[in-house]
Amino acid sequence: MFFFGAGTSQAVGLDGVVQLTSNVRSQLDAKMQPEYDRVLSEVGAGAHIEHVLNRVRLCREMIGDSKTAAAGGFTGVAATELDRAICKAIYQRVSVDPTKGFQLHAEFAAWLSSVQRAKPVEIFSTNYDLLIERGLEIALVPYFDGFLGAVNPDFSDAAADFKDDSDNLSQLPRTWARLWKLHGSIGWRVAEEAITGAKKVVRLPLVPPKATVTGSLSGRA
């Protein structure tokens, strides 16, 4: 089992959570910055961008996208706008190629493929970026991240925690890795199923830098 924290992305030149908290603020519209600051101050010492997102999304869950109802100092519309603006800024900060390249992550993945294992390795990450995925793919290490499909892969709780008839957790081939993004990912979006209209979390490829990003890092539109 391996755990990747912010330091593993900072080591190759991407923002860690402290840098994201500051740099994302500077990319917000001037009208949104006071609200961002207010949430940080209300959370207290040690607050960072993840606390802001959690607070804003809690408000959205309570009141939806209402123009009049308010919670936590936000109307539903204002909370939605700030949520999307923060996600867009995060995407712009961490979707770029790291200044020090992908070598460290690729070497880690290559090492994984060289180790004889009895079962798939588990990799946990708190990072939004796709460095681990890029490293695994460079080293040709197959991995499962909970998503199924090819066109718009969607997250499957059943596949992520599938058990056989004896209640044993089903295992992938031992040469694979299981990757879990604990705080979400820049590749995740909320989409509606074309036929039923049901909302689901899908995994999309990176979009060009100038494209508009309006989705969610953590599974909420």
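The values are calculated or read from the model by the stated rules, or taken from the named source; none is laboratory data. Here the structure is a predicted model, which is why all the values come from computation and not from measurement. Cβ coordinates were reconstructed from backbone atoms using ideal geometry, including for glycine residues, and neighbour counts include every protein chain displayed. Protein only, heavy atoms only, side chains kept; ligands, DNA and RNA dropped before computing areas. Shrake-Rupley method; radii C 1.70, N 1.55, O 1.52, S 1.80 Å.
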Exercise for the section: May I ask you to say which residue of V94, V115 is under 30 Å from A177 (Cα atoms) and in contact with an Asp or Glu (Cβ under 9 Å, 6 or more places away or on another chain)? Expected result: V94
Handout entry: Residues of the stretch 1-32 satisfying the condition of being outside any helix (DSSP H, G or I), open to solvent by 50 Å² or more (accessible area, probe 1.4 Å) and over 30 Å from V121 (Cα atoms)
Key = D29, A30, K31
Fill in the blank from the handout: When the stretch 177-186 is checked residue by residue, the ones that are crowded, with 21+ Cβ neighbours inside 10 Å and assigned to a loop (DSSP other than H, G, I, E, B) are S185, I186
Practice task
Evaluate the stretch 187-203: report whether one residue or more is part of a loop (DSSP other than H, G, I, E, B), surrounded by fewer than 18 Cβ atoms within 10 Å (Cβ to Cβ) and in contact with a Phe, Trp or Tyr (Cβ under 8 Å, 6 or more places away or on another chain).
Solution key: no
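Out of curiosity, is G197 on the phi > 0 side of the Ramachandran plot, modelled with pLDDT of 80 or more and small (G, A, S)?
It is false that G197 is on the phi > 0 side of the Ramachandran plot, modelled with pLDDT of 80 or more and small (G, A, S).
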Handout entry: Where a residue in the stretch 114-131 is farther than 26 Å from L206 by Cα and its partner, wherever it lies, is among the aromatic types (F, W, Y) and modelled with pLDDT of 90 or more, with Cβ under 7 Å and at least six apart
Key = P120/W176
Exercise for the section: Considering every residue within the stretch 158-174, establish whether at least one is in a strand (DSSP E or B), surrounded by 11 or more Cβ atoms within 10 Å (Cβ to Cβ) and at pLDDT below 95. Expected result: no
Completion exercise
Sole miss for A177 among (1) modelled with pLDDT under 90; (2) farther than 22 Å from E50 by Cβ; (3) of a type in the set (A, V, I, L, M); (4) under 20 Å from the mean Cα position of the chain (by Cα) is condition (1)
Handout entry: Residue tally, condition surrounded by 15 or more Cβ atoms within 10 Å (Cβ to Cβ) and modelled with pLDDT of 95 or more, over the stretch 109-123
Key = 3
Practice task
Kindly list, by first and then second residue, each pair from a residue in the stretch 36-62 that is under 15 Å from F74 (Cβ atoms) to a residue that is open to solvent by 60 Å² or more (accessible area, probe 1.4 Å) and at pLDDT 90 or above, limited to pairs with Cβ atoms under 6 Å and residues at least 6 apart or on different chains.
Solution key: Y36/R25; V39/R55; V43/H51
Fill in the blank from the handout: Filtering the stretch 99-108 for residues that are farther than 17 Å from S125 by Cα and either open to solvent by less than 80 Å² (accessible area, probe 1.4 Å) or touching a strand residue (DSSP E or B) at 6+ places or on another chain (Cβ under 6 Å) (or both) leaves a count of 1
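For the stretch 94-127, how many residues are of a type in the set (D, E, K, R), more than 16 Å from G13 (Cα to Cα) and assigned to a loop (DSSP other than H, G, I, E, B)? Even if it seems obvious, please write down each step before you answer.
We begin by selecting, within the stretch 94-127, every residue of a type in the set (D, E, K, R); these are 97, 100, 107, 117, 119, 122.
Among the residues that remain, those that are also more than 16 Å from G13 (Cα to Cα) are: 107, 117, 119, 122.
Filter once more, keeping what is assigned to a loop (DSSP other than H, G, I, E, B): 117, 119.
Residues that pass the stated criteria total 2.
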Exercise for the section: Filter the stretch 132-151 for residues that are open to solvent by less than 80 Å² (accessible area, probe 1.4 Å) and either within 13 Å of R203 (Cβ to Cβ) or assigned to a loop (DSSP other than H, G, I, E, B) (or both) and give the result. Expected result: E133, A139, V141, P142, Y143, F144, D145, G146, F147, G149
